[in-house]
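Here is the structure we will look at, set down as structure tokens.
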Amino acid sequence: MNCKSPGGTNDVAAYKRSSLPKLVESLPRTRYVVGDNAYTPTEHVLVPFSGSEKDDHGKDSYNYYLSQMRFRIEMAFDRLVSKWGILKSPLNVALKNATRITYCCTILHNFCINEGDIVPDLQAGDPSELPPEYYVSCDRSIRGQSQMRQYVLDKVNEHVLSRPFHNVLRNDI
């Protein structure tokens, strides 16, 4: 969590201004965060495929499941704000105190979850271990390309995952 940028700041600009990129890129190889198309894909930042790439069936399925993860992130923020009503309206306090209040709410929120007061909709499981070939060149990433994204795409295709039919119909309307 980061409180260094005002609410109207572009997500990517706020991200770059924070210490989060360094933290994210230091994650173990089997861990990653999910972003939207504004972010550059790396071994630790998964983003959707865009343009003509998303017309590929496997990449469309990957995009669907990635969007489901991003939706869960939005739900987590909604849950945080709902639990801590002070966050529902602008905080009329000094900026340094607004940061402290926000940090405090997130720490208390996580404590409540850990104590069973709030049951998350999804339980995050441990990711499967990546095969050795995905470890070899991760340290030599090419900006804008991601072996981790390709690995997840391969898993989507391997398990023959598809965008649900009702979603395809809704998007075609």
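Brief remarks follow.
- Remark: the stretch 95-105, residue by residue, has Karplus-estimated 3J(HN,Hα) of 3, 5, 6, 4, 5, 4, 5, 5, 4, 4, 4 Hz, where x stands for each Gly or Pro and the curve is 6.51 cos²θ - 1.76 cosθ + 1.60 at θ = phi - 60°.
- Under 14 Å, Cβ to Cβ, from Asn10 - net charge with Lys/Arg +1 and Asp/Glu -1: +1
The numbers here are math on the coordinates, done by the rules we state, and not lab data. Every value quoted in this text rests on a predicted model; they were computed, and no experiment measured them. Positions of Cβ are generated from backbone atoms using ideal geometry, with glycine treated the same way; all protein chains shown enter the neighbour counts.
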